[in-house]
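What follows is a single structure, written as C-alpha cells, with notes after it.
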Amino acid sequence: MGRAGAAGRALSHGPSTIAAVKVIHTSDWHLGRCLHGVDLLGHQAAYLDHLVALVAAERPDALLVAGDIFDRAAPPAEAVDLLSEAWRRLAELTQVVAISGNHDSPARLGFAAACLRPELRVVTALAQVGRPVELAGADGLAGLVYPVPFLDVDLARSRWADEALERSHQAVLGAALGRVRADLARRGDLARRGNTGRAPVVVMAHAFVSGGTACESERDISVGGVDNVAVEVFAGADYLALGHLHGPQVVNTGSGDWAARYSGSPLAFSFSEAGQTKSTAVVRLEGSAPRVELVAAPVPRPLVEASGSLADLASPAWDQRRQAWAKVTVTDPVRPPDLYQRVRRLFPHALVVRHAPPDPPANTTIVVSQARDPLAVAREFVRFVGGGEPTPAEERSLAAGLELARAGESEAR
Ligand SMILES: [Mn+2]
C-alpha cells in the first residue's frame, strides 16, 4: 500500500518527521463587500458553493478561514444569513476553524461561539490564544491548529499588562505565540501521534507579515506607524496560515522546515488585483516541507484596466475584454462629450471612467474677480478640466446658468 510505504519513509526521517494532515486554507471573504457599487454577495455565495464542493471532494482534516470573514463590524443581514448557511454546510463536512480579522467585530463574529458544535470553532477572543483545536485522526491526534485572531494592540497590552508589551503588532503577536509555544511545551510527547510521527502544528493568524505584497483593498492596520510583523515571530509552526493580504502569496520563512502563506481573498476587491488568480490553498503536511495545491476560485467577471483614446478603446483588440469590469482612462487631448455613455457603450460593465489628457495643463490659476466677465472665467475652467474650448452646447449651458444665477440675485434684492 502506498500509504504504508509513505509512513515507513516518514519514520526513517526520525522523530521530527510529521504525520500526514491535510488542511484547506482560505481567508478574506469580506462578505457584504461591494466593488465600486456592485454588490458582490451573489458572487461570494458562488465561491462558498465552490468551497463546499472542494471540501466535499478533498475531505481535509480541517478548513481554515484566516479572518476578515465579514467586510465590516456590522454586516448586512443577507451576509450574516450567507455565513450562517455556509458554516452549517462546511461543518457537516470537516472541522472548521475560523478567526476574526481586522474588519470583523470579535463580539459579533464570535457571538455564541462557546455554544457552537465542536466541528465549528470561531475564535475571536484573546483568552483563546494558546488553546489549539485538536484534529482527530484515525489513530489519535492528527494535528494541532492554533488560531490567533486579529489582536487589538491596546486591548492585548492591557490584558497582558504583566508582560509590559511595546505598542506594536509585533509585540502582541510575540506574546500570543509565546502562549502557543508554552502550550506545545506543556504537551511535550503528548503532541506526538502513535508511531507515524509528530502531530503537525498549524498556526493561523491575521496580520501583515514583513515581505508580503499589499494591494489597494486591504485596510491599513498600522499602530503608531508600525504594522509589519517579522515572520520569525511564528517560529514553531509547521505551517502558518495567514489572512489579511488579498493577493495569494508565499511568505519566505528563511527555513525549509516550515512554510507560511497568504491564501488571498477569493474575489478581487480592487483593480490592483486584476492580474491575480484568486484561489484556495489545499495544503498537505507530511514529511518535510508542506505541499500546496492552489485551486482557482470561480471568476464572476474578470477585471481590466483600459487606457487610450476613445478610438483606441473601440478597436477590436479590446473585444475579448468588453464584458469585464473595467476601469477606463480616456486619453483624448480634449474631453469627449458624453464620455461616460460612450465608454459604457464600449465596456458595458465599466465601473470607473476618467479622462486623463496626455498633456494635462500645468497648475493653472484661474483668477476670479468682480472685474472679470463670469463667462470668461467659466470658459477658462472648462478648458482646464476638459482640455479644450467649450462645445456650443456647453456654451449654451454656461450662458443659461449665468442667466439663472443673475435672476436669482435680482430676486434676492
Ligand atoms: Mn482583508
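The values are calculated or read from the model by the stated rules, or taken from the named source; none is laboratory data. Owing to the predicted nature of the structure, the values given are computational and were not obtained by experimental measurement. All Cβ positions, even for glycine, are placed from backbone atoms using ideal geometry, and neighbour counts span all protein chains on display.
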Matching option when the condition is more than 16 Å from the ligand (Cβ to nearest atom), in the same structural domain as R59 (by TED's automatic domain parsing) and in contact (Cβ under 8 Å) with a residue 40 or more places away in the chain, among P337, P266, P290, P333: P290
Number of the condition not met by D373 [criteria: (1) more than 16 Å from L310 (Cα to Cα); (2) acidic (D, E); (3) outside the structural domain of E403 (by TED's automatic domain parsing)]: (3)
Candidate set from segment 242-263 (those that are under 17 Å from Q170 (Cα atoms) and buried (at least 22 other Cβ atoms within 10 Å of the Cβ)); member that is farthest from the ligand (Cβ to nearest atom): A260
Condition met for L310 (away from the ligand (no atom under 16 Å from the Cβ) and within 17 Å of the chain's Cα centre (by Cα)): no
Among (1) in contact with a strand residue (DSSP E or B) (Cβ under 9 Å, 6 or more places away or on another chain); (2) farther than 30 Å from L41 by Cα - the single one W160 does not satisfy: (1)
